[in-house]
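Engineer: Take this structure, written in structure tokens, and hold onto it; I'll ask about it next.
Derivation of every value follows stated rules applied to the coordinates shown; laboratory data play no part. All figures in this text were calculated on a predicted structure; none of them were measured in a lab. All Cβ positions, even for glycine, are placed from backbone atoms using ideal geometry, and neighbour counts span all protein chains on display.
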Amino acid sequence: MSYSPLDIAATGQHPFTDYARWRLRVSEDGRHTWHYLNTDEECRAWPQTDLDKYWLGLPLNLPPLPEPEDALAAARNGYTFYKRLQAKDGHWPGEYGGPMFLLPGLVIGSYVTGMGFKMEEKLEMIRYLLNRTHPEDGGWGIHVEGHSTVFGTALNYCVMRILGVSADHPALVKARAVLHKLGGATGVPAWGKFWLSVLNVYDWEGNNPVTPELWLLPNALPFHPHRWWIHTRTVYIPMSYLFGIRYKMEENDLILSLRQELYPENYYHIDWPAQRNNVCKADLYAPHTRIFDFLYSLLGVYENCALPPARRAALDYCYKLIVQEDENTGYQTLGPVSKMMNLIVRAHVDGPESDAYKLHMEKRQDFMWVCTDGMMMCGTNGSQLWDIGFITQALVETGLAHEEENKESIVNALRWLDQCQIQQNPKYYESSFRHRTKGAWPFSTKTQGYTVSDCTGEGLKAVLYIQEHVESTPKLVSDQRIYDSVDLLLGMQNHDGGFASYELIRGPWWLEMLNPAEVFGKIMIEHSYPECTTSVITALSIFQKHYPQYRPADIRRVVERAVHFLHKSQMPEGGWFGSWGICFTYATQFALESLSLVGETYETSPYARKACNFLISKQRSDGGWGESYKSCELTAWVEHKQTQVVQTCWAVMALIYARYPDPEPIERAVRLVMSRQKPDGSWPQEAMEGVFNKNVTIAYPNFKFSFTIWMLGRAHRYLAELKASQTSNEARQV
Ligand SMILES: CC(C)=CCC[C@@H](C)[C@H]1CC[C@@]2(C)C3=C(CC[C@]12C)[C@@]1(C)CC[C@H](O)C(C)(C)[C@@H]1CC3
């Protein structure tokens, strides 16, 4: 077995492997895999690039660029740097870390199925966790910036032990103390109970039922799982399978020892059924409702008398759905959590000799990323489309795309966008309850293959911008393919006029009252989001400018209803609540982009005016904006300790969309963003940019390039326009 004790340094400050030997391979459709080269010969044959070095945190030693005289020159310097991080195939790879409950799935899932890791991977995963302990107490949180929780600490503690760290290691001694102070692993939230049960260090009796038979109910029922938010149902399918068979790893010395380490009390005396609703206070974000507890007690009764044929039929059905999901996504599945759960089911049913086992093992690699601090598991197999969508639009809108030295880069980006569009519906379509995909752009890669409304919107915009505005680019995406994506978007509007993430809202609002996850908010059904709504309607409107003859009445109607949704969802203070980026700054940028489309600006619309005043009231004395992820948890603005460059860019973009008439706040913000730029044109990484399920931050490190370049270039032009109109007004007055 490749899991054995290791001698590990006390801290993860210095790499445990030779960072000059890591290489990022970009293959197929933008797939990312990291490789460690063992010999000097291999290293010579495959030299390290600036792209590798940048993400590994190695110095690029670039000469300083000419000091920028204005905002546009700063944007140009920014792109001179960022172009170096473009992969040969045209997209911009990047890490996608933040959640601290993903590596546990990877490592526990691999351990229980007998899949190993390379030594260098193990060492850097350990180092990553050493570097991500909470600076004050030494535990782990649900995400890298969060306080220590049982979820983060119990699971990552197991990861460290599995990977070979001794229980006496100073970091583990500390983490164990945190865990015990929080009451021990009994109070881990539901998903933690699940992983620990799979590892055989928690009793299945301590889990609320995850009844697979729900899948056998008639599809028409309003609470049928096919109506749940896609991430929730895709996780619950393999979860219910593994619960249904009470899967657990065979006992071994490590497991026996973990049973002692994780609990302050005697493991064998724990009253397991009493733990089902025991969740540590530090973890609890979305407490169960009474109705939830009542229904789960009924399911608990059912569990005691479940009929074997019904259980068998339910398990068979879940297994079928799992196989379909694996095949629809190239064994990546929708996301990192379902990935590892599906992997366990397939390993269990299909066995270690099967293709499914081998493919699952191989595709773990797509989520594993080496960063400055070690190796993490990413939130998806990358954010390829999302990142290329923004930077390409930024280049076109700032005019940088037209500059000779950037032509090749922009054509390469178009080629990548072209190959990324999904041109068919999934192999298993209706049978696996999928939304159509023909015409869509996904969030990451075509192989992952899921429609996301706003990714399709941003992908479409990026293609239209390049194909329609940048001279001499080939027209790679045909009219028909563009129509396919417009048809898809037109079909994704919800009854409230807004757009959700992957699908239409399928279930009733009250399903949120049955959220079992405890640590995530708003995960049971789709919801309409101002961000997604904006990406879609801006894409449709830009499309219409270039293709005025195609479904104009439908587009008009969809846009009108969407604008109505945005009006309704404005918060009383004037901002919009962001669900995917932090937070009011993020969503307000999107909402004002939408309003600008229909001519609603500071001068003409009370909505836009209120939003601008809200943003201006949050500008800090240094000219920037800084909002904490706590805003997302609390649904109320919380200041960040530091001003954030990326948020400053969002706020300024919002003001520009609304044609805010006073140049002064914009000029101050531009100065702030320019002052943070390094001589080589880059910006340093600051706080997390993104969020999901209200409670978990996630990194979008490419935003510090796309939104800075975009904002600086646009502000440069906007400020010039403002000055020109002020001068002409003055002239008229004279
Ligand atoms: C709770 C579970 C299953 C955790 C796994 C993590 C996923 C749920 C997260 C990770 C990345 C994530 C935040 C993402 C999204 C949904 C939830 C994801 C997939 C979407 C696609 C929703 C729509 C958004 O506008 C946007 C496109 C930014 C994000 C992208 C990342």
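Engineer: Against the longest alpha carbon principal axis of the chain, how many degrees, from 0 to 90 and to the nearest 10, is the axis of helix 103-113 turned?
Structural biologist: The angle comes out near 40 degrees.
Engineer: Then there is this: Taking the chain as the reference, fit the longest principal axis to its C-alpha atoms, fit the long axis of helix 703-733 to the helix C-alpha atoms, and give the angle between the two in degrees, 0 to 90, nearest 10.
Structural biologist: The angle comes out near 30 degrees.
Engineer: If you don't mind, another one. What shape does the stretch 354-477 have by the C-alpha gyration tensor, where a ≥ b ≥ c are the square roots of the eigenvalues, rounded means a/c under 1.5, and otherwise prolate means a/b greater than b/c and oblate the rest? Walk me through the numbers before you get to the answer.
Structural biologist: Working: a/c = 2.52, a/b = 1.46, b/c = 1.72.
Since a/c reaches 1.5 but b/c is at least a/b, the shape of the stretch 354-477 is classed as oblate.
Engineer: Estimate the FRET efficiency between Arg620 and Ser725 by the formula 1/(1 + (r/R0)^6), using the beta-carbon distance for r and 35 Å for R0, to the nearest 0.05.
Structural biologist: Values: r = 28 Å, r/R0 = 0.79.
For R0 = 35 Å, the calculated efficiency reads 0.80.
Engineer: Which ³J(HN,Hα) values, rounded to whole Hz and listed in residue order, are derived for the stretch 325-342 from phi using the Karplus coefficients 6.51, -1.76 and 1.60 in 6.51 cos²θ - 1.76 cosθ + 1.60 with θ = phi - 60°, glycine and proline given as x?
Structural biologist: With the stated coefficients, the stretch 325-342 comes to 5, 4, 6, 5, 10, x, 6, 9, 6, 4, x, x, 6, 4, 3, 6, 6, 4 Hz.
Engineer: Still on this model: Going highest first, how would you order 551-560, 127-136 by mean Cβ packing within 10 Å? Before the final figure, lay out the partial values.
Structural biologist: On the way: 551-560: 15.3, 127-136: 19.5.
Ranking, from highest mean packing down: 127-136, 551-560.
Engineer: Considering the dipole of the stretch 102-375 built from charges on the beta carbon (Lys and Arg +1, Asp and Glu -1) around the Cα centre, which of Tyr319, Phe151, Ser297 is farthest to its positive end?
Structural biologist: Ser297
Engineer: Would you mind computing Rg(Cα) / (2.2 N^0.38 Å) for the stretch 382-569, counting N as its residues? If you can, show how the numbers build up before the last one.
Structural biologist: Values: Rg = 17.1 Å, N = 188, 2.2 N^0.38 = 16.1 Å.
So the stretch 382-569 has a normalised radius of gyration of 1.06.
Engineer: Which FRET efficiency value, to the nearest 0.05, is calculated for Ala10 and Asn38 with the Förster distance at 35 angstrom and r the Cβ-Cβ distance?
Structural biologist: Working: r = 27 Å, r/R0 = 0.76.
Given R0 = 35 Å and the Cβ-Cβ separation, E is 0.85.
Engineer: Still on this structure: Under 16 Å from the Cα of Lys174, which aspartates and glutamates turn up, not counting those fewer than eight places away in the same chain?
Structural biologist: Glu136, Asp137, Glu261
Engineer: May I have the count of lysine pairs in the stretch 526-667 with C-alpha atoms under 22 Å apart, counting pairs 8 or more residues apart or located on different chains? The partial results should precede the final answer.
Structural biologist: Working: Lys568/Lys610; Lys610/Lys618; Lys618/Lys630; Lys618/Lys641; Lys630/Lys641.
Close lysine pairs found across the stretch 526-667: 5.
Engineer: Still on this structure, please answer the following. Could you calculate the contour length gain from Arg25 to Glu573, that is, 0.36 nm times the residue separation minus the distance between their Cα atoms, to one decimal place in nm? Numbers along the way, then the final one.
Structural biologist: Numbers: separation 548, 0.36 × 548 = 197.28 nm, distance 4.67 nm.
Difference between extended and current length: 192.6 nm.
Engineer: First check a/c for the stretch 261-310, with a ≥ b ≥ c the square roots of the eigenvalues of its C-alpha gyration tensor; if it is under 1.5, answer rounded, and if not, answer prolate when a/b is larger than b/c or oblate otherwise.
Structural biologist: Details: a/c = 3.07, a/b = 1.31, b/c = 2.35.
The shape class here is oblate.
Engineer: Oh, and also: Return the Rg/Rh value of the stretch 31-171, two decimal places, where both radii are evaluated on C-alpha atoms and Rh is the Kirkwood radius. Walk me through the intermediate numbers first.
Structural biologist: Numbers: Rg = 19.3 Å, Rh = 18.2 Å.
Radius of gyration over Kirkwood radius for the stretch 31-171 works out to 1.06.
Engineer: Tilt of helix 584-597 relative to the longest C-alpha principal axis of the chain, in degrees (0 to 90, nearest 10)?
Structural biologist: Helix 584-597 and the main axis of the chain meet at about 50 degrees.
Engineer: Can you flag which of Lys53/Lys88; Lys358/Lys446; Lys122/Lys339; Lys427/Lys694; Lys53/Lys122; Lys678/Lys704 are past 24 Å Cα-Cα? Could the numbers behind the result be given before it?
Structural biologist: Numbers: Lys53/Lys88 15 Å; Lys358/Lys446 21 Å; Lys122/Lys339 19 Å; Lys427/Lys694 33 Å; Lys53/Lys122 20 Å; Lys678/Lys704 12 Å.
Exceeds cut-off: Lys427/Lys694.
Engineer: Another question about this same structure. To the nearest 0.05, what FRET efficiency results for Gln424 and Asp355 with a Förster distance of 22 Å applied to their C-beta separation?
Structural biologist: Values: r = 23 Å, r/R0 = 1.02.
Computed FRET efficiency for Gln424 and Asp355 comes out at 0.45.
Engineer: Next question. Rounded to a whole number of µm²/s, how large is the Stokes-Einstein D of the chain at 20 °C and 1.002 mPa s, given Rh as the Kirkwood radius over C-alpha pairs? Could you put the intermediate results ahead of the total?
Structural biologist: Numbers: Rh = 26.6 Å.
Roughly 80 µm²/s, to the nearest whole number.
Engineer: Given 10 °C and 1.306 mPa s, how large is the Stokes-Einstein diffusion coefficient of the stretch 102-375 in µm²/s, with Rh as the Kirkwood radius over Cα pairs?
Structural biologist: My calculation gives 82 µm²/s for D.
Engineer: Let me ask something else about it. When the convex hull of the C-alpha atoms of the stretch 569-659 is computed, what volume per residue in Å³ does it have? All intermediate terms of the calculation are to be shown ahead of the outcome.
Structural biologist: Details: hull volume 7.5 nm³, N = 91.
Here the figure is 82 Å³ per residue.
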